[in-house]
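The values are calculated or read from the model by the stated rules, or taken from the named source; none is laboratory data. Computed from a predicted model, the values in this text were never measured in an experiment. Here the Cβ positions follow ideal geometry from the backbone for every residue, glycine too, while neighbour counts run over all protein chains shown.
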Amino acid sequence: MTSPVTQGAAQEQPSSQPPTRNAPNARDGQPGLFRLLLKDRFASVAAFILLLVGLTALVGPALMGDLATKQNLLFANKAPFTMAHGWEYFLGSDSLGRSMLARLVVASRTTLSVALPAVAAALLIGSLWGVWAGYHRGWRENVSMRIADVIMSFPSLLLAVVVLYVFSPSAANIVLILALTRIPIYLRTARAESAELQSRTFVDAARTFGAKPNAIIGRHVIPVVLPTLLTLATLEFCYVMLAESSLSFLGIGIQPPDVSWGLMVSQGRQYLQTAWWLSIFPGVAIVITTIAANVLAAWLRIATDPAQRWRLALPRQRLIARIPVKEAQP
Amino acid sequence: MNSAADQATLPRTGPAGVTASQPHDVVLQVSGLAVDIRTHRGTVRAVNGVGFEARAGETLALLGESGCGKSMTAKALAGIMDPVCDLAEGTIVLNGTDLAALTPKERLKFAGPELGIVFQDALTALNPVYTVGTQLGEAFRIHRKLNAKQAKAEAIDLMRRVGIPEPESRVNSYPHQFSGGMRQRILIAMAVALNPRLLIADEPTTALDVTVQAQIMQLLRTLREEGQMAVILITHDLAVVAEEADSVAVMYAGNVVESGPVAEVFADPRHPYTKGLLESVPVNLERGDQLRSIPGSPPELHDIPSGCVYQSRCPLVQDICRAQRPALRPAGRRRADNAAADVDQATSATNDGGTAGRPVRTAACHFSEEITNA
Amino acid sequence: MLTYLRKRIISSALPLVVVVVGVFALARMTGNPASLYLPLNATQQMRDDFTARNGLDQPLLVQMADYFGGVLRLDFGQSLRTGQDAAAMALRAFPATLQLAATTMVLAIILAVIVGCWAALKPNGIADRISSFISMAAASIPDFWLAIVGIWIFAITLGWVPTSGVTGASAWVLPIATLLLRPFGVLVQIVRGSMVSALSEPYIKLARSRGAGELRVVTHHALRNAAAPALTVAGDLTVGLVNGAVVVETIFGWPGIGKLMIDSILQRDFAVLQAAVLLTAVAIFALNILIDMGYALLDARVRPVTVKA
C-alpha cells in the first residue's frame, strides 16, 4: 500500500525540502507527526485541551457520582471561585444547589456523545460517497452533487427544527440530523479530490494492472484523500458541537433531565442577573473546546500537506487562526 | 555560428544600420543596478551591478536564459517589483531623473508618460472584469484627468493606432473576447498611450505563434520610429535580437557579461557565454548532426560563486576565474579607441549629448581577448 | 443573459421543490391532523367529518395536488394557537427578519472589505491580526452564548441597551453585533485571501505601470476581482444567517420569522411552521438568483454570450 501512495503524495509537492515521510501512513507516520506537534506550542496546547475534554467526558461522570443531580438548597446559587463550600462548589452552584463543576463534567459527556458520532457518521458516509462519485464521474457525480446542493441550500437549523418537530428530540435523532446536514461538506471535498486523483498516472497504472474500481479507491484514492478529510472533520467537530448547543439552547435538542453545555446556557439564562456563572461557564467550556479544535485543524492542514510542511519546521511559527475558509465547490 | 552574424549584417529597415551615423540621445542610463529577493532561506541577489543605456529610436535587447534576472531588471526599471524584492543599489536615470531615488508615490508621475511596459502574457496582464476601453483609457484619466467619454475616444484612437479592426465596437469588449495577438496589441497600445520616452517590452512575443510574433515585432518597430521611443526588448530569442535590436546586453546569473552593438557582439563575441549561446543556434545542420548546447545549468541564485559567475560551465576556466570576478571592461575590435577607458568613464562620457559615438563593446571575462571566433 | 438566468433559475428551483415535497411528506408523518386539531373527547363521527372536510380520505396524489394548490394560493391553513391565517402570520413576521438580516449583511460586507483589504496590504499588521482573531472567534463562539454575554455585560451590568424588543435604535445593537460575527468572520478571510491573490496578478502590476496609485489599484483593480469569490460564499452565508436569525430572534424577542418558527414548534403549530419554512426557502431561492445576477454583472467571463475576435 505504501509505494503508490508515496508516489502520489510526492507528485503533489513541487520542490520544497524533502519531508521525512510523504504519505500519511498510520504505522510509521505517528511519531513524525507527533514530533512536529510538540514543536508547535499552540497546536500542542490545543491537542492537550482536547485530550483533557475527552478524558473528562470518558471518566469524569463516574468520578462525580451523583454530585451533578444532588440538590442542596442550602448551597443554592453560590458564587464561584471560592473553596469556602468545598471543592465541588468551586465553580458555584445553581438555584437548586447542584454543583456547577459536576454538572459541567456530566454535560461534557452528553455534548461529546452527540458531536463525535455525528462527525464520524458524516465523515464516513460523506467521504465514501464523495470518493465513489468522484472516481466514477458521469451521472453518479452529477446526482451526488445535486443532492449535496439541495441539502446545503437549506438552513441546517431549520431542517433540524422541522425533523425534530416530527420525531422526538432524542440524542439519537439529533446525531442523525446533524450527520445528515453535514454529509455534503465531506461529499464535496472528497469528490473534488478523488476526481482529480482518478486522472493521475498512478491510478492509471493500477487500472492497467486490472485492479477493480473499489480496490483502486481503497488502495490509491482514500489514503491520499484521508488527511484532508480528517482535517475537515476536526473543523466540523466545532460546527457540529455549536449546532447541537444551539438546538439544545432553543429547547429542541437535548431534553432535561439530560444536560449538555448548550442546554446549561439556556437554563442559566433566566438567572443572568443573579447568577451569571450559570450561563457563562458552560459557554466558556464550549468556546475553549472549539478554539482548541480550530487551532488543531489549522495545524493539521499544514502538517498533512507535504508541500507546506516545511513551514512547521521553521522556528518562529505564528500558527494561530489561519482558519481554512471552506471553499464553495461548484 | 555564421548565421546569426550574417543575419545581423543583413540590410534592414531598422536603424541598426546607422552604426556609423550620428547617435541618438541617451534616454535611459542604468548603472550598478542590484535587486535583492528576500526568501525564507535568506536574502539572495537576483540582479547584480547591471548597467546599460537605451537611446531614443533604438532598441536595446536584454538577452539571457530564464532566471538570469532580465525580467527582474525590467520590473525594477518600471518600479513594479514584487513586495519581497528590494532595489538594493544603483541608479536608473531616465531623462535626467534618477528613478531609483524617488519614493513610490513620486514614481507614479513617470509611470505612463515617461515609461511604459509590455508584459509577456496579455491574458493575465489585462484585468478580466473591465472592458479594454476602460483599461486603455485609464492612463488618460489618471495623468491627463480626462473624463470617461474623452478617455474612451482616446482608447479608440489607440486601438486604431495598433491596428485593431473596428475599434469603435471592440472598445466595449472584454479581454477574453480577443485573440492572443489582438490582446498583445492592446497591451502595447496601453504602454504607448501617453507616448512615453521609454518602452520596456518583457518577452512580448513569447506566448504567441510565429506569424503573429512577426506582426507584433513589426508593430513595435513602427511605434518606436513614430514616437522616437527608446525600446528595451527583453528576450531569450537570439533571432529576435539579431532582427530587431541595435545593441544588446547579455545577462547571466544576474550580471551583464557582455554588451555592445548587436552586429559586433554577434559577429565577434568576447565572452564565452555569448559564444556558447551563438554556437547553440543550429546553422546549416545536416539531418542527424549533433546539436550543440552549453553543458551544465546556471547557478542557483543563493549559490552564485564568488568568482566569475560563468566558471562552472566555461571551457576556458582558470584559477583566476574562481578567485576573482571579472569586471565589465571594454573589449573587441574597437577596444583600441577606448583603450585606457574604464567602463564607468566610458559610459559617463557617452552621457553628455551622446558625443562619444556608439555604445562601447564591453565584456566581463578575464580572457576575452583569447576567445577565438572562427 | 436571459438564457443564462433561466438556466440558473431552473437549477436553483430544485432545492425549492425538494423543500415543498419534504414539508408535505413531513406533514403526513406527524399523523392524522384530526388528533391534533380536535379536542381529546371528540367522537368518531367528528373525526370522520374532519377527515373528509380536509380531504384526508382522498388518495395521496390528490392530497398532494390539493396541497400544492394551497401553497400556490399561499393557503397554509390556520394557526392552531391564534386561529389566524398561517401565511399572513409568516408574512407579517418576515419584514422584521429581513431588516435584521439585511442590516447585518451590509455591515458585514462593508467591514469585511475594509479590514480584509487592509489586512491584505499589510500582512501581519494590525488589521491582519484583527481579521485572524475575528475569524477564529466566528468559528468558535456559539452565537447564543455571545448574545447572552452581550446582554449580561451591556444590558444588565452597564444598562446601555435594552435586553430585548425592538424599541429604539439601541435595541438593534446587540442582535446585529451577535448576528454579524459569523458572516464577518468568513467574509473577512475571503476578502483578505482573494485580495492577496488579486494584488499579485500581472494586471495589477500593469495598472501600477500606468501610474495608478495605491488607492486606485485597490478600489478599481483588485477589489472588483476579489469580489467574485466573496459573492460565491454569499449564498452559504445567507443560509447561515437564517440559522443565526432563529437564535438571535429567540434570545432578543425579535418578532421575526425565526422566533415564529421556534414558537410554533414548541407549541406544535404545524400550519404556521410550514408557512414560515416555505417562505424562508423562497426568500433564499430569490436571493440566490440575485447573487447569480450580481456575479454575471461583476465578471463578464461568466456571461454566456462571447464574441471571438
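Here's the yes/no breakdown for (1) in a helix (DSSP H, G or I); (2) among the small types (Gly, Ala, Ser); (3) more than 9 Å from every other protein chain (Cβ to nearest Cβ); (4) over 22 Å from the mean Cα position of the chain (by Cα):
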{"position": "C:Pro123", "(1), (2), (3), (4)": "no, no, no, yes"}
{"position": "C:Ala139", "(1), (2), (3), (4)": "yes, yes, no, no"}
{"position": "C:Gly150", "(1), (2), (3), (4)": "yes, yes, yes, yes"}
{"position": "C:Ile156", "(1), (2), (3), (4)": "yes, no, no, yes"}
| Which one of these is in the same structural domain as B:Thr362 (by TED's automatic domain parsing) and either in contact with a Gly (Cβ under 9 Å, 6 or more places away or on another chain) or among the hydrophobic types (A, V, I, L, M, F, W, C) (or both): B:Glu65, B:Glu106, B:Glu89, B:Glu53? | B:Glu89
| request: Inspect segment C:193-201 for any residue being within 10 Å of another protein chain (Cβ to nearest Cβ), modelled with pLDDT under 85, more than 29 Å from the chain's Cα centre (by Cα) and not in a loop (DSSP other than H, G, I, E, B) and give the result as yes or no. | output: yes
| task | Taking C:Ile289 as the residue in question, decide whether it is buried (at least 20 other Cβ atoms within 10 Å of the Cβ), more than 30 Å from B:Gly116 (Cβ to Cβ) and either away from chain A (no Cβ under 14 Å) or among the hydrophobic types (A, V, I, L, M, F, W, C) (or both). | result | no
| Set A:Gly126, A:Gly134: member being over 15 Å from A:Val240 (Cβ atoms), of a type outside the set (A, V, I, L, M, F, W, C), crowded, with 20+ Cβ neighbours inside 10 Å and modelled with pLDDT of 80 or more | A:Gly134
| said: Going residue by residue through segment A:146-161, is there one that turns out to be among the aromatic types (Phe, Trp, Tyr) and either buried (at least 22 other Cβ atoms within 10 Å of the Cβ) or within 14 Å of chain C (Cβ to nearest Cβ) (or both)? | reply: yes
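One line per residue, one yes/no per condition, for (1) in a helix (DSSP H, G or I); (2) out of contact with any Lys or Arg (no Cβ under 8 Å at 6 or more places or on another chain):
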{"site": "A:Ser245", "(1), (2)": "yes, yes"}
{"site": "A:Phe249", "(1), (2)": "yes, yes"}
{"site": "A:Met264", "(1), (2)": "yes, no"}
{"site": "A:Gln270", "(1), (2)": "yes, yes"}
{"site": "A:Thr274", "(1), (2)": "no, yes"}
| request: Answer yes if at least one residue in segment B:144-159 is within 11 Å of another protein chain (Cβ to nearest Cβ) and under 15 Å from B:Ala193 (Cα atoms), and no otherwise. | output: yes
| field | Residues that are touching a Gly at 6+ places or on another chain (Cβ under 9 Å) and surrounded by fewer than 23 Cβ atoms within 10 Å (Cβ to Cβ), drawn from segment C:88-108 | value | C:Phe94, C:Pro95, C:Ala96, C:Leu98, C:Gln99
| said: Can you report the number of residues in segment C:223-241 which are touching an Asp or Glu at 6+ places or on another chain (Cβ under 8 Å) and either farther than 30 Å from C:Ala207 by Cα or crowded, with 22+ Cβ neighbours inside 10 Å (or both)? | reply: 1
| field | Pair list, Cβ under 7 Å, 6 or more apart: segment B:161-187 residue within 8 Å of another protein chain (Cβ to nearest Cβ), other residue not in a loop (DSSP other than H, G, I, E, B) | value | B:Arg170/B:Met159; B:Ser173/B:Val132; B:Tyr174/C:Ala300; B:His176/C:Arg301; B:Phe178/B:Ile186; B:Leu187/B:Val118; B:Leu187/B:Ala122; B:Leu187/B:Ala125
| Members of segment C:242-267 that are surrounded by fewer than 24 Cβ atoms within 10 Å (Cβ to Cβ), of a type outside the set (Val, Ile, Thr), within 11 Å of chain A (Cβ to nearest Cβ) and out of contact with any Asp or Glu (no Cβ under 9 Å at 6 or more places or on another chain) | C:Leu266, C:Gln267
| message | Given the criterion closer than 30 Å to B:Ser297 by Cα and either of a type in the set (A, V, I, L, M, F, W, C) or at pLDDT below 90 (or both), identify the matching residue among B:Asp121, B:Asp98. | response | B:Asp121
| field | Condition broken by B:Gly137, with the remaining ones in (1) touching a Lys or Arg at 6+ places or on another chain (Cβ under 6 Å); (2) surrounded by fewer than 23 Cβ atoms within 10 Å (Cβ to Cβ); (3) closer than 22 Å to C:Arg208 by Cα satisfied | value | (2)
| remark: How many residues of segment A:201-243 are aliphatic (A, V, I, L, M) and farther than 30 Å from A:Thr110 by Cβ? The answer is 11
| field | Those residues of segment A:114-139 which are closer than 26 Å to A:Thr201 by Cβ and among the aliphatic types (A, V, I, L, M), in sequence order | value | A:Leu128, A:Val131, A:Ala133
| With C:Ile109, C:Ile134, C:Ile190 as the choices, which residue is farther than 29 Å from C:Gly256 by Cα, part of a helix (DSSP H, G or I) and under 23 Å from the mean Cα position of the chain (by Cα)? | C:Ile190
| request: Only helices (runs of 4 or more DSSP H) wholly contained in segment B:138-256 count here; list those with 2 or more residues that are more than 17 Å from the chain's Cα centre (by Cα) and farther than 30 Å from B:Pro298 by Cβ. | output: B:148-161, B:167-170, B:180-192, B:210-227
| field | Tally of residues being more than 30 Å from A:Thr56 (Cα to Cα) and among the hydrophobic types (A, V, I, L, M, F, W, C) across segment A:108-151 | value | 12
| remark: Exactly one of C:Leu187, C:Leu174, C:Leu180, C:Leu199 is in contact with a Ser or Thr (Cβ under 6 Å, 6 or more places away or on another chain), touching a residue at least 60 places away in the same chain (Cβ under 8 Å) and either hydrophobic (A, V, I, L, M, F, W, C) or under 14 Å from B:Ala125 (Cα atoms) (or both), and that residue is C:Leu180
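Yes/no per residue for (1) of a type in the set (A, V, I, L, M, F, W, C); (2) surrounded by 24 or more Cβ atoms within 10 Å (Cβ to Cβ); (3) modelled with pLDDT of 90 or more:
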{"site": "B:His143", "(1), (2), (3)": "no, no, no"}
{"site": "B:Lys152", "(1), (2), (3)": "no, no, yes"}
{"site": "B:Ala155", "(1), (2), (3)": "yes, yes, yes"}
{"site": "B:Gly181", "(1), (2), (3)": "no, no, no"}
{"site": "B:Thr206", "(1), (2), (3)": "no, no, no"}
